[in-house]
Amino acid sequence: MGMFNWPAMTGIIGLPQLAEAGGYSLNFDILEANIVNLAIAIGLLIYFGRGFLGDALVKRREAIESAISEAEANQKKAAATLAEEQEKLAQAQAEAQKILANAKTNASKAKEQILAEAKHEIQRVKDAASQDTTASQERAIADVRQRVTAMALEKVEADLKNQLGNNESAQQKLVDKSIALLGGKS
């Protein structure tokens, strides 16, 4: 049997063998019977590899358990960090709200102060304008009084000159009377 024969290699009795052998026969050639070879190989692997595979599987299991416990620890750590950061965010938001409220309060106070100062300035300008108007009126009145007085004096002088004219005795009487009024006796 030098030829490649599938049924012969598997140890199964097939039709081609029957045809060659002229009947039923079993293949006792261990090297050609792969099922036997395979069973031997598996047996040897189980016998010699049991300790090695067991140790490898135990190590692999320990590595997986270690990775799982590390992942759980990392998850807990991440959850704690997340909680801390959320708390910090809440505090920051609260602080921002306080700052905003303070800014609004300060802006309102500044607005009120500016409005009060503007009203005060308007009142001051009105008062200054009123004082200027009053001063202008007083100056105008003083000017009118001076003019009226000057005109009255001119009129009195003109009347006196007309009345006294060339009369020296009347002029002397007027001078004496004026001196007497001023405190001198004549």
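The residue pairs whose first member lies in the stretch 61-75 and is assigned to a helix (DSSP H, G or I), whose second member is surrounded by 10 or more Cβ atoms within 10 Å (Cβ to Cβ), and whose beta carbons are closer than 9 Å, counting only pairs six or more residues apart or on different chains, do not exist in this structure.
If the condition is being among the basic types (Lys, Arg) and either surrounded by fewer than 10 Cβ atoms within 10 Å (Cβ to Cβ) or modelled with pLDDT under 80 (or both), then the stretch 171-186 contributes Lys173, Lys185. Of all residues in the stretch 83-103, none that is free of Cβ contacts under 8 Å to residues at least 12 places away in the same chain has its Cβ atom under 8 Å from the Cβ atom of a residue that is exposed (fewer than 10 other Cβ atoms within 10 Å of the Cβ) and outside any helix (DSSP H, G or I), 6 or more apart or on another chain. Residues that are polar (S, T, N, Q), surrounded by 10 or more Cβ atoms within 10 Å (Cβ to Cβ) and not in a helix (DSSP H, G or I) within the stretch 112-170 comprise just one, Asn167.
The values are calculated or read from the model by the stated rules, or taken from the named source; none is laboratory data. Quick caveat: nothing in here was measured; it's all calculated off a predicted structure. Quick reminder, even Gly has a Cβ in these numbers, built from the backbone with ideal geometry, and neighbours come from all protein chains shown.
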